[in-house]
Structure formats: structure tokens, C-alpha cells
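The structure appears right after this line, and notes come after that.
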């Protein structure tokens, strides 16, 4: 049954490949997220995306990226081609619209985000070296299936173990629990997030301590509840099931000094709430593009916020090794206001934190890749 | 930038979900390969696939599966829906055609095969219990990146470590090197192949020995060659780079008695050739839907075939722990003839082998899942 597809594949890859590629070599070329053997999608140095698809009978084909649709133009062979405006550096979800059908681009690799598996495009970034695949020692990313008694379901997490983990059988490592954002899942950080490559490179340069990273799914609902209380159930799964399982399965250093947590967007909100309920479990927290007062930009009253968790600044400064916050400079509402209000509260309480802004990026993965790069260099150094 | 997609996602999942689902509950329901939260594709007990997609301006939409196109019908809201003929049990690659554009179904999960990342559909099988996700101890599947000096490129393999591997630091395990077919890659066996779940279940029932499984990419070309000699370069990568790396990284039993090899289709051809060149390295071989005389169905002369590798039957019977061959009963040309000719040669030489036929399946993954189930129960038992 494969054979029909094989023929299609050969036909596609041979069609005027040489001529077209030579003509456009100076400007557009396949993206890092273009499927091997496919010519499109392509990107250029300005960050434009060029999509192309054969659709001889279609009347309207669009590239849909960043909330904007770009009309493609049909040639005399029925192939539609067109370009987007320049996009921000880094990774973006996108799709094609063919006569009103929103579909993945058959030329791209697929990623989970925005609530679906679909197309993603990588725009080369000026600082892409920090997540490049290099000839350095590489850690492993392993898929772990486990059954949760709290949710009554099978769940899955991905676990990064640093270079050298498998070659020795003695060394124990600190652990970072790293969470995705809303409508994403446990695959995000080690796929479009490049968490494994970021750590491989930092560890090779001795800029970060070798660490285990656990990337679980932040959605959970307890079997006792009919409607999901996502953060509460996830907090239980994380602290009562996931951490004990990781400490049993992997060579961790199982204490708060060697356990950190972080998350992006929804994951920032979740992990900061969980952190403040479990200061005996974690010593560092990273909130990337999110804070627990989201989406409000109102002033925070530390006496009442999260049951007064932030009311005693001096005590918190002793307990927290790293409190890290970040966002991209191009992030829109409600993030600047809500993160601003949270920082203002911290400042008012005299609580120490590290703040990072990702230049020229929005509420997207390039912001979070850079945030992880910064945060990973701070933790487990006390 | 995610937000537009989030709105789309909500709109799609809420549109008349309840009404449609209730109406069709007795027959069609989402497949195991349908994306979480999506209503289509669906399958029924007869093995029919129902696809549905909104494409208000399209003039022709088809479901394309198994080399056959099925026309979908448009309703007054612009949603196209239609059904395929009954499909064989197990996993199939498919796509949608929208006004001449061949695209992935936005409702399915995506798999690598047929030379592309694209849609796959799981048809429930009468024997699906053997690869079901159960509440048994689960091994891990880890992604391993390594640099090959032979190819001059980064390569990737997936490694299954059995339940208990990470919890202890002493036990050493035998290793199965397990290869994909043509136009597939290193992701196939642990995704649509279900190799990890098959072994988790067999090990839980004590039907297979706990083992490590290494799933590499069978495509390789040496940096010295301008044109790819895939099997020759892969043979070098496997024996000179991959096996030493695996033996260094994982707790293997690094000898031929505890090393087996197997592959499907192209991978069967490759691994049987490699096996006969490296009887000092491997003791068991499994050829699933493939043999090294492919695609010929002519009689094989053992004196000359593969440099006379099969010319001394009694000696081979002492060296080979398991020689396993399989195919599906519905496989078409050239497989019945080429596998038949290979078996005839083995019979003529008095070489012992185990032969398995997967009932009512073609040259597809259900044949190979079952073949792995059979083969895994035979190896590492001497």
C-alpha cells in the first residue's frame, strides 16, 4: 500500500527541482522545519516564508501565519506560491488555507501547539547558535509512560538526562521540572523548544550544571472531579506521583536544594503557584512570559495574594535560590501589565529576582528558548 | 501569535459536536490516531474510515487511502464528509485531496512513512491487545543524537530500555537492532510500530526476555561516496559506530549471543545481508516481509548467493540461534515469490528457520507488529 505514495514522492522531488532551487538560492531556502526531501516551505534572510503547493483545481490558496493570511498565486501548472511578510526570529505555528479548508502544509514537519498537531516554521535567528545541533556530547530525551491514580489515566512525560548520564552509574543530578504553555503539551520543550540542545550546548561550555529535565503534561483533571481544575490536579500529580516516580527511576539528588521548577505562559502561572505551596520541594522557580496574577494587571496585595505567600520578603529571600522572570519585548496584552504588576509587588516586598527580556520576540518559542538558556545558567549553583 | 489558532480550535471542537457524535456513536468513532479533541477521522467496526473537513469553497474533496480515492460529499455548511471501503486491520498511511492538493488530514496525528510526514489511521484489530497501552511496567524510549564520522552527519536512533532498566544500576541486557523499511525512518518502530508497547506487554507476561531495542535510520551514505550505497554505508555505521556507542552508553551484554538483528522490508534485506557478513556480531536474525534476494523470485544458488553465505547449512545451524522469516497473507508481488525462493533455498540447504504468516494483512505495519511479537519471544533464550 505504500507504493502509490512512493511514486508520488519521487515525482514531487524530481519536478524541476534543480532549476527552481538554483534560481532562488540567494534568497529563499528550505527551513530547518521543512521535511527532508521537500522544497517548501522556504525562508529568506528577511524572515519571509515562501509556501508552495500544487492545487490545480483550487480557486484560492493562502498561507496563514501569525494571524495574517497571504494569498498565493497560481502558475500555469496549477502550483500556488506566495510569500509572507517578514516574521520574527524563531519558531511559529502556521497552516495553509485551500478553498476554505485549514490544513497542515504537506512540506513542513509537525508540532503540537495551538491545540493541534500542525505545521511549524523556523525563522533563522541571529542567536540560533545556542540551540544549534553541534558535535558536542548529547544527552538523551526519553519518553516515559506512567499511570496516574489521581487522574485515572495513562500520562506521559519526556525526561532529558545530561551527557554522561548513561555512561556512568553513580553520579546523581539535580532536576528541573519544566512546563509548557496553554494548548501545548509534553512534547513542546524537547521539540520546538529545543530544551535538550540548549542544555547540551550550555553543559559543553560549562555554563550550566548537568541536570535532569522533566517535561510533563500540564493538563490534568482528577478522577473525582467532573470538571477539570487543571492546576490543582496537576499540582497533585506533580508532587505526589511524578516527583516520586522520577526520584525512583532516575539518579536524582532528591531534595529541595537540587530541585527547580519553571514554565512558560500557563506553565509559568501553574509552576509559580505550585512552588509557593511547596517551598519544601523546590528551591528555584522560573516564570517565562507568565505570572500567577495573570491576566490581571492590577496592583497585587501581598497580604492576600496566594494566601500571603509573598508577604514575608526576607524569609523568601532566604528560601529561594533563584526567582526568575522573563518576557519578550514584543509581547502584547495582557503580559506586560500582569508581569509588571507582579514585579512591582516583588519590588515592594524587597524580594530578589532576576528579570530577562528577549529582544524583538513576542509570546512565542524564541522568547522561551532564550529564557531557558538564561535560567538554566542560574540554577543549582548554590 | 497562538491566539488566532486557539479561537479556531475552540470553534471547531464546539460546532455541533454533541449532536453529530450521538448520532454516530453506534458506528463510527475517533480512531486511536485521531488528534485529541478532534472529531475526525473516525473508524467503525467494519474498518471503514470516515473523513470530514470544512472546505466551503472547494469543488472536489477526496479521502485517499490504500491507493484508492473516495469522494466526500459537501453539506450546506461547506463541510465535506465521506467514507472509505473497509480497510485491513492495523495502521495505514493516508491523505486528503482538496481541489487537487494532496494534504495531511488536520484531524489526524502524523507519522513518517511513504517518504513523508503525514496522516495515519489506526483500524482496530481483533488482536490489538498485544500492543495496547496497559497498566504494566513500561520501558523508556530515548532519542539519541550522535555524529557519524562515516557519513559526516548527525544521526539519530531511538533506544528502548526495558522496565526496570533505570531503577537498577547493575543488570545488563541483550540488544535487538531493529530496522524500518524503505521511505520510513528511525521513528517508525516506536510510533506506528508500537515496538515499546509490544515488548512492555510481552515482558509483563514473561513471554520475552527483557531486552534493549535500538532503532536507527537505515539510510546512510558515506562521505567518501557521491552517490549513496545505502546498505554498505549503513553496515559500516551500524557495526563500527552504532554498536560501540550503544555498548558504551547502555548496560548491554556485548557479545554475539546477546545481540540480535531484524528489519522489515528494506530493513529485512539490509539486516540479513549485514548479518551474514557479521556472524561474529549477531546470533539471531529476523526478516519481516523481506529477504536479501528481493525483488527476484528466481531460484537461488547457495554456492554464489551472498558470496556463498548459505552454502554450509550444518555450520549455519550451529551459528544461528534464530532465523525468523515472516510476511502477511495479503502481501502482493514481489514478496510472496522472493520470500518463497529464499525459503526454498533454506530448505534445500537444510537450514532451520521459523516462518510466520500474519493473517489477512498486507505489506503494512500490522504484519510487522505481529512479526516483532513472534520474533521477540524467540530470541535470547539460548
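Quote the FRET efficiency, to the nearest 0.05, computed for residue B:277 versus residue B:248 with a Förster distance R0 of 22 Å and r equal to the Cβ-Cβ distance. List each step's numbers first, then the result.
Details: r = 23 Å, r/R0 = 1.03.
E between residue B:277 and residue B:248, to the nearest 0.05, is 0.45.
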Binned at 5 Å from 0, what are the whole-percent values of the Cα-Cα distance distribution for the stretch A:16-124, short to long? 2, 13, 24, 27, 20, 10, 2, 0
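Tell me, what is the Rg over Rh of the stretch A:256-326, with Rh the Kirkwood radius over Cα pairs? Kindly include the intermediate steps, with their values, before the conclusion.
Details: Rg = 11.5 Å, Rh = 12.2 Å.
Using Cα coordinates only, the ratio equals 0.94.
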In what sequence, highest mean first, do B:290-298, B:323-331 appear when ranked by Cβ atoms within 10 angstrom? B:323-331, B:290-298
On the principal axes of its Cα set, how long, how wide and how thick is the protein assembly as shown? Give whole Å, largest value first. 88, 63, 56
What percentages make up the Cα-Cα pair-distance distribution of chain B when the bins are 20 Å wide from 0? 26, 52, 20, 1
In nm, to one decimal, how far is the residue A:329 label point from the residue A:170 one, both placed 7 Å along Cα→Cβ? 4.9
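How many Å³ per residue does the convex hull of the Cα positions in the stretch A:161-216 occupy? Walk me through the intermediate numbers first.
Working: hull volume 4.6 nm³, N = 56.
Each residue corresponds to 82 Å³ of Cα convex hull volume.
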Among A:91, A:40, A:183, determine the one that fluctuates most according to a GNM of chain A built with springs between C-alpha atoms less than 10 Å apart. A:183
Rounded to the nearest 0.05, what FRET efficiency do residue A:232 and residue A:68 give with R0 = 30 Å and r taken as the Cβ-Cβ distance? Could you check? 0.20
Could you tell me how far the Cα centroid of the stretch B:342-372 sits from the Cα centroid of the stretch A:153-172, in Å? 37
Label distances, nm, residue B:73 versus same residue in remaining copies, Cβ-directed 7 Å point: 4.1
Averaged across A:111-124, how many Cβ atoms of other chains sit within 10 Å of each residue's Cβ atom? 4
Across peptide A:159-166, what mean number of C-beta atoms from other chains lies inside 10 Å of a residue's C-beta? 3
Count, for each residue of A:52-58, the Cβ atoms from other chains sitting within 10 Å of its Cβ, then give me the mean as a whole number. 5
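With a cut-off of 8 Å between alpha carbons and a minimum separation of six or more residues, what is the relative contact order of chain B in percent?
Working: 789 pairs, mean separation 44.8, N = 382.
So the answer I get is 12 percent.
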So the label point sits 7 Å from Cα along the Cα-to-Cβ vector; using that for residue A:204, what distances do you get to the other copies, in nanometres, sorted shortest first? 3.9
Kindly identify the stretch A:234-297 as rounded, prolate or oblate by the Cα gyration tensor criterion: order the square roots of the eigenvalues as a ≥ b ≥ c, call it rounded if a/c is under 1.5, otherwise compare a/b with b/c, prolate if a/b is larger, else oblate. prolate
Distances in nm between the label point of residue A:168 (7 Å along Cα→Cβ) and its equivalents in the other copies, shortest first, are 2.3
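Can you tell me the order of B:151-158, A:279-286 when each peptide is scored by its average per-residue count of other Cβ atoms within 10 angstrom, highest first?
Highest mean packing first, the order is A:279-286, B:151-158.
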Descending packing, highest mean Cβ count within 10 Å first, for B:243-250, A:364-371 is A:364-371, B:243-250
Can you compute the FRET efficiency between residue B:307 and residue A:255 using 1/(1 + (r/R0)^6), with r the Cβ-Cβ distance and R0 = 51 Å? Round to the nearest 0.05. 0.25
Return an integer: the convex hull volume of the alpha-carbon atoms of the stretch B:229-382, in Å³ per residue. 111
Angle between the Cα long axis of helix A:365-376 and the longest principal axis of chain A, 0 to 90 degrees, nearest 10? 40
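Report the per residue volume, in Å³, of the convex hull enclosing the C-alpha atoms of the stretch B:118-185.
On the way: hull volume 11.9 nm³, N = 68.
Cα-based convex hull of the stretch B:118-185, divided per residue, equals 175 Å³.
Bear in mind these aren't lab numbers, they're just calculated from the coordinates by the rules spelled out. Bear in mind the structure is a predicted one, so any value in this text is a computation, not a measurement. Glycine gets a Cβ as well: all are built from the backbone with ideal geometry, and neighbour counts include every protein chain shown.
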